[in-house]
Amino acid sequence: MSDIEYLKEIIENSDNIVFFGGAGVSTESGIPDFRGEGGLYDDDEEEKYGESPENILSHSYFFSNPEGFYSYYKNNMIYSYAEPNDAHIALARLEKEGKLKAVITQNIDGLHQMAGSENVIELHGSSLRNYCVGCGKEHSLSYVMESEGVPTCEKCGKIVRPDVVLYGEGLPSRAFGEAEELIYEADVLIVGGTSLTVHPASSLIEAYQGEHLIIINNAPTPYDGYAELIIREPIGEVFKEIL
């Protein structure tokens, strides 16, 4: 029996599956990951902007240099053309079939919801949501993208920021708590498209108490030794073959 056939069997025999994913889930939709070859965090990007992406996408940089932040953010973090790939579509289908309890994602692109997933825990927020740091008024992504330079609130004039977790900010406690509980109670945990090196999100894996931990990722992760099954293939192709 092949690894994918075995994974298919595990999925068929469970109705309490949780999926935990990262940037690699969206690469097949044309969104680059962070640490892979040609990713957002390569040396060329740092040379181009004169700062590391981690610094530009930090809380302190956003408030000290919002012009620099939005110059990078609009050109590198937003992919309005992106559409769900086979992985997003398969996960939404598994949820509708009553097998998948939730998707826990580190991504901010909203593609899981676009594919039809309903129970999505967004650990790092969403670029689709934006709000004024002054009055809290909500603004759309199009409002941000169509604003010249730094978007400001039409109500109070303060800066509008994306509802995403920047470096130096803590994860939303409610989302993290929900994710931890879902993983703790899951019979099957499928981890895909993540290096599992970004804390505290990666520490969620330690809450898992079930028997079937599956990791689908092109590169090794610090948690490979705990996995029952490791698949080194594009995640979209894996789910397409399964379903």
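For a straight C-alpha distance cut-off of 29 angstrom, the lysines reachable from K101 (same-chain residues fewer than eight places away being disregarded) are K8, K240. Based on DSSP H segments of at least four residues, each scored -39500 (n - 2.57), the chain has a per-residue ellipticity at 222 nm of -9000 deg cm²/dmol. Taking a straight line from the alpha carbon of K48, these aspartates and glutamates sit under 20 Å away, with near neighbours fewer than eight places off in the same chain left out: D33, E37, E67. Cross-link partners of K137 among lysines, defined as those whose alpha carbon lies under 26 angstrom from its own and excluding same-chain residues fewer than eight positions apart: K74, K155, K158. Modelled label positions at K155 and T197, each set 7 Å beyond Cα in the direction of Cβ, lie 4.1 nm from each other. Treating each Cα of the chain as one equal point scatterer and applying the Debye formula with no solvent, the log10 of I(q)/I(0) at q = 0.10, 0.11, 0.17 Å⁻¹ comes out as -0.49, -0.59, -1.29.
What does the accessible area of R93 come to, in Å² to the nearest 10, when a probe of 1.4 Å is used? R93 exposes around 110 Å² with every protein chain in place. Averaging Cα coordinates gives a centre for the range 77-154 and one for the range 12-34; these two points are 14 Å apart.
The values are calculated or read from the model by the stated rules, or taken from the named source; none is laboratory data. Since the structure is predicted, the reported quantities are computational estimates derived from the model, not experimental observations. Glycine also receives a Cβ, built like all others from the backbone with ideal geometry; neighbour counts cover every protein chain displayed. The protein model used for the area step is the full one, side chains on, heavy atoms only, and it has no ligands, DNA or RNA in it. Shrake-Rupley method; radii C 1.70, N 1.55, O 1.52, S 1.80 Å.
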